[in-house]
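What follows is one structure encoded as structure tokens, with my remarks underneath.
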Amino acid sequence: MTIVQYPTYTLDELADRLNARVIGDGQRTVSGLATLSDAGPHELTFLANRAYLKYLPATKAAAVLLHPDHAEECPTACLTLDNPYLGYAELSRLFDPLAARYRPGVHASAVIAESAKLGDNVEIGPQVVIEDGAVIGDDVVIGPGSVVGADSVIGAGSRLHAHVSVCHGVVVGERVVLNSHCVIGGDGFGFAHDGSRWHKIAQLGGVVLGNDVEVGSCSSIDRGALGDTVIGNDVKIDSQVQIAHNVQIGDHSALAGCVGIAGSTKVGRHCMLGGGVGLSGHLTLCDGVQVTGMSLVTNSIHEPGVYSSGTGSMRNALWRKNAVRFKQLDELAKRVTRLEKK
Amino acid sequence: MTIVQYPTYTLDELADRLNARVIGDGQRTVSGLATLSDAGPHELTFLANRAYLKYLPATKAAAVLLHPDHAEECPTACLTLDNPYLGYAELSRLFDPLAARYRPGVHASAVIAESAKLGDNVEIGPQVVIEDGAVIGDDVVIGPGSVVGADSVIGAGSRLHAHVSVCHGVVVGERVVLNSHCVIGGDGFGFAHDGSRWHKIAQLGGVVLGNDVEVGSCSSIDRGALGDTVIGNDVKIDSQVQIAHNVQIGDHSALAGCVGIAGSTKVGRHCMLGGGVGLSGHLTLCDGVQVTGMSLVTNSIHEPGVYSSGTGSMRNALWRKNAVRFKQLDELAKRVTRLEKK
Amino acid sequence: MTIVQYPTYTLDELADRLNARVIGDGQRTVSGLATLSDAGPHELTFLANRAYLKYLPATKAAAVLLHPDHAEECPTACLTLDNPYLGYAELSRLFDPLAARYRPGVHASAVIAESAKLGDNVEIGPQVVIEDGAVIGDDVVIGPGSVVGADSVIGAGSRLHAHVSVCHGVVVGERVVLNSHCVIGGDGFGFAHDGSRWHKIAQLGGVVLGNDVEVGSCSSIDRGALGDTVIGNDVKIDSQVQIAHNVQIGDHSALAGCVGIAGSTKVGRHCMLGGGVGLSGHLTLCDGVQVTGMSLVTNSIHEPGVYSSGTGSMRNALWRKNAVRFKQLDELAKRVTRLEKK
């Protein structure tokens, strides 16, 4: 149960924004968005997946956003649209209470270096720190306790949630969303070994995030050793992700939670990495590669497609027997070869 | 070596709190708790596992908490109790220096919105931010630099350590412990793809944490897309855990470090997930499921028990041979079938 | 593209610092460090790996740090040195703009407890909190928003980046680097189960970090239950790493990103754990163990060497077939045995 207040719209207003068609009373107002089964009489809902069609007849929603093909089955008012899932995405942003809460200004407790430059209509929250030479674009929102390091640039329209750390010399594009506790530009993991101990290699590169990038909570993108770590436009990065120094991620790729990418690896455009995927260092993944959850990739991939590693889960009692056999697998294969030769 | 000061108790006082029996001088004081082998003459220790019985005769502790069966073997004073491990848990809380350090009040550097409500006896640390409409229950402790977002509720007796982010519209139960740098209510990972690029789905749900929940350092629990992410009562979550949007976790379940759970998965009551376990999205795990460390679960589990995936570790030279054979495993099985047919 | 300013040196100055030999004009100045292919005419570069020798003839750098064997092939001035990679490490620190930005003093917005002790030449950033009894050594830098808990000690010359949480009763050695959002001393994951619910075991131990330790962004090192979690000297820990209570890591070991180590495990000296490696609890790894990426270790290792688990990645279509066979592997092995008996 959340107590956040949602904005209110008429169906006509929403149809106008979404370029959708209203069937029913366009003056009816809706003040929230919910699922087909949860929506109440003041809320809007949507049908974007046939699996949920069974919930349509009984919905209590004020109105349903759906494909025109399903309009006849709808027991209440409709907004019809060719791609209802995209329509839902747009609706969700219209109903986002955070958007309504936007309040330009700089909180008195924020510490802004004299040499920092703030754009128009920025909202700088309490306890924020903005260091020397940082440049904050127009319409940027910086949440409580976030830090923007020296000489870093935050592009117009970006939002940093609470406790974000953008380190020094980082370039963040426009309309970027950085969730709480992500770190952009921490030191890469670089040390030279002299045979007995480690010597730190100062990480002199930066990080460049393209436009429309999103980074999840507690994710870290390390700065380059020399040259930058580069995240392309429209790259979406989930929570608890680690991206090492000098990695490059192509435009429109998406990385699910807990992904880890080792140093200098290049991921192509339109790639998708499942949760917990690991990529070794110095690899190249071409455009259009998908890797399924918790797979480890240790070689470059030159053809688009879906890749996997690991084993499926099973009862532990069975797994133990199979896992023991895995340790003898090469030997087993040789035994089969010997049998074949007989 | 730590320099924290522990509280001091007499054995009689402790016996009274634990409902234990003293054998020896009840007026003897103890000012700390340590293991059988480490405890010094002013400290209390405990024996809760037969594996450590060998250390009992030589202990230098002032007194030992143990089962009555072992009292005769104890070289010093005893506190006897049927379940010494539970007794140890209770003792540990009595000796916790953090509990002794409780100092109600609001630090001058904290920024508290006028519309926020603070309960009785709260302790609000330096640099804290509490946003509009937040409600802080009685006896809550909020550590340095933590942020409580708009309209969020923190239940009575809860403790937020340093740098905790509770985002907007989150409900935290009573007696909850949130360790440093955990994020409750960051955006879930939701985007609609239009064939060429991603469109953000604003995450309009919240997070509800039950009573007696604990969340470890640097863990993240994402807010729901529509409807809430729900963590039951007495759920224990370790460090570096990622819980995606609209996940539900049943009461009394425990998740070890580095677990990742994808969106909309439901975990039952009294489940235990080992370190690094991954659960795919939209699954259901029934009550009483245990998953061993670093296993990946991609299908729902309908019977309680222990489940595993993966392979055991071995010398890399052997592993390389076996891993190559794994890539030919289907072919190997077909070869065996052909041999059998002969 | 980063806009950070690098320091400037003459080649003679650098040769003096590195104990290198200049070939060419020692008065030439360089104001940055870059790769062989990226370096411009005001920058220094280096050759430390034969794989990059092909870029040497065309480099546009002002000078190249390299082994004397390659001096003749160098088209511009050289600094020659027997171990150019170590030389690069040292150069990188000389060109580190953060080092140049060092500004002793305590920011007005920092909250420092009266009983805390600050050494000479400390730099305490904005919004920092230093609690009762904490001791900050000479030349320590504490970045914006970091918290040092009660009774904790930060050794001389250490640097805490932004938003670091050092909890109470933690001892940090000298010249330690703690990257943004790491947590040193959060609660270990300890609960006693009474058959129906969990009882918290307060974590009374601390954490001790040796000298020259580095901890990456968003990593967490939990405090001991009783007794300390101990990280040896010169241990290097990457980002998103989780180290549980009472773990011990020997000197000079290195842990790559996303490693997770369960409670009470002891890792020897000069060990190397690849990215995403998991170690179960209560294990012992001897000195000189290497574990490859994403392997799970569930048994102690008593001989140095390289260890692995898991399977290599492959096309998903092939993987599905092989993974199904893995579930039948014990049965397959029995079938082969039956065939052999015939």
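Do we find a residue being under 30 Å from C:Asp96 (Cβ atoms), surrounded by 24 or more Cβ atoms within 10 Å (Cβ to Cβ) and facing another protein chain (nearest Cβ under 9 Å) anywhere in the stretch A:129-137?
Checked against the condition, which is being under 30 Å from C:Asp96 (Cβ atoms), surrounded by 24 or more Cβ atoms within 10 Å (Cβ to Cβ) and facing another protein chain (nearest Cβ under 9 Å), the stretch A:129-137 yields at least one hit.
Selection of the stretch A:73-94 for residues being more than 10 Å from chain B (Cβ to nearest Cβ), surrounded by fewer than 20 Cβ atoms within 10 Å (Cβ to Cβ) and aliphatic (A, V, I, L, M) yields only A:Ala77. Summed over the stretch A:194-212, residues that are over 25 Å from C:Ala34 (Cβ atoms) and either in contact (Cβ under 8 Å) with a residue 12 or more places away in the chain or hydroxyl-bearing (Ser, Thr, Tyr) (or both) total 3.
Annotation: of all residues in the stretch B:283-342 being at the interface with chain A (Cβ under 9 Å from one of its Cβ atoms), touching a helix residue (DSSP H, G or I) at 6+ places or on another chain (Cβ under 8 Å) and in a loop (DSSP other than H, G, I, E, B), the one that is farthest from C:Ala323 (Cα to Cα) is B:Thr292.
Conditions tested, residue by residue: (1) out of contact with any Lys or Arg (no Cβ under 7 Å at 6 or more places or on another chain); (2) at pLDDT 95 or above; (3) within 30 Å of A:Ala162 (Cβ to Cβ).
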position	(1), (2), (3)
B:Arg50	yes, no, no
B:His67	yes, yes, no
B:Pro84	yes, yes, no
B:Glu131	yes, yes, yes
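Any residue that is under 17 Å from the mean Cα position of the chain (by Cα), over 18 Å from C:Val164 (Cβ atoms), at the interface with another protein chain (Cβ under 7 Å from one of its Cβ atoms) and surrounded by 24 or more Cβ atoms within 10 Å (Cβ to Cβ) - is there at least one of those in the stretch A:178-194? Yes.
Residue-wise test of (1) among the hydrophobic types (A, V, I, L, M, F, W, C); (2) closer than 30 Å to B:Val235 by Cα.
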position: C:Val140; (1), (2): yes, no
position: C:Ala156; (1), (2): yes, no
position: C:Val164; (1), (2): yes, yes
position: C:Gly173; (1), (2): no, no
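Just one residue in the set B:Thr292, B:Thr265 is farther than 28 Å from B:Ile201 by Cα, surrounded by fewer than 24 Cβ atoms within 10 Å (Cβ to Cβ), modelled with pLDDT of 95 or more and polar (S, T, N, Q); that residue is B:Thr292. The residues of the stretch C:195-220 that are within 8 Å of chain B (Cβ to nearest Cβ) and assigned to a strand (DSSP E or B), listed by number, are C:Trp198, C:His199, C:Lys200, C:Val208, C:Ser220.
Can you pull out every residue in the stretch A:138-165 that is within 14 Å of chain B (Cβ to nearest Cβ) and out of contact with any strand residue (DSSP E or B) (no Cβ under 7 Å at 6 or more places or on another chain)?
Of all residues in the stretch A:138-165, those within 14 Å of chain B (Cβ to nearest Cβ) come to A:141-147, A:157-165.
Result: A:Gly157, single match.
In summary, B:Ala48 fulfils each of the numbered conditions (1) within 30 Å of the chain's Cα centre (by Cα); (2) more than 14 Å from chain C (Cβ to nearest Cβ) with the single exception of condition (2).
Go through the residues of the stretch A:104-111 one by one and say whether even a single one is closer than 30 Å to C:Leu273 by Cα and out of contact with any His (no Cβ under 9 Å at 6 or more places or on another chain). Spell out how you get there, then give the answer.
Keep residues of the stretch A:104-111 that are closer than 30 Å to C:Leu273 by Cα, which gives none.
No, the stretch A:104-111 has no match at all.
In the stretch B:33-52, the count of residues that are touching a residue at least 24 places away in the same chain (Cβ under 8 Å) and out of contact with any helix residue (DSSP H, G or I) (no Cβ under 8 Å at 6 or more places or on another chain) is one or more. Can you tell me which residues in the stretch B:162-177 are surrounded by fewer than 24 Cβ atoms within 10 Å (Cβ to Cβ) and not in a loop (DSSP other than H, G, I, E, B)? Hits for the stretch B:162-177 are B:Val171, B:Val177.
Here C:Pro97 passes the criteria (1) over 26 Å from A:Glu131 (Cβ atoms); (2) of a type outside the set (D, E, K, R); (3) more than 12 Å from chain B (Cβ to nearest Cβ); (4) touching a residue at least 40 places away in the same chain (Cβ under 8 Å) except the one numbered (1).
Test of understanding: among A:Pro75, A:Pro68, A:Pro57, which residue is touching a Ser or Thr at 6+ places or on another chain (Cβ under 7 Å) and over 18 Å from A:Asp12 (Cβ atoms)?
Details: A:Pro68 fails: over 18 Å from A:Asp12 (Cβ atoms); A:Pro57 fails: touching a Ser or Thr at 6+ places or on another chain (Cβ under 7 Å).
Going through A:Pro75, A:Pro68, A:Pro57 in turn, just one is touching a Ser or Thr at 6+ places or on another chain (Cβ under 7 Å) and over 18 Å from A:Asp12 (Cβ atoms): A:Pro75.
Within the stretch A:271-284, residues that are assigned by TED's automatic domain parsing to the domain that holds A:Leu296 have Cβ atoms under 7 Å from residues that are basic (Lys, Arg) in these pairs: A:Thr284/A:Lys266, counting only partners at least 6 apart in sequence or on another chain. For first residues located in the stretch C:103-122 and within 10 Å of another protein chain (Cβ to nearest Cβ), partners that are outside any strand (DSSP E or B) and among the charged types (D, E, K, R) and lie 6+ apart or on another chain with Cβ distances below 8 Å form the pairs C:Ala113/C:Glu131; C:Ala113/C:Asp132.
The values are calculated or read from the model by the stated rules, or taken from the named source; none is laboratory data. Remember, it's a predicted structure, so these values are computed and weren't measured experimentally. Methodologically, a virtual Cβ is constructed for each residue, glycine included, from the backbone with ideal geometry; neighbour enumeration extends over all protein chains shown.
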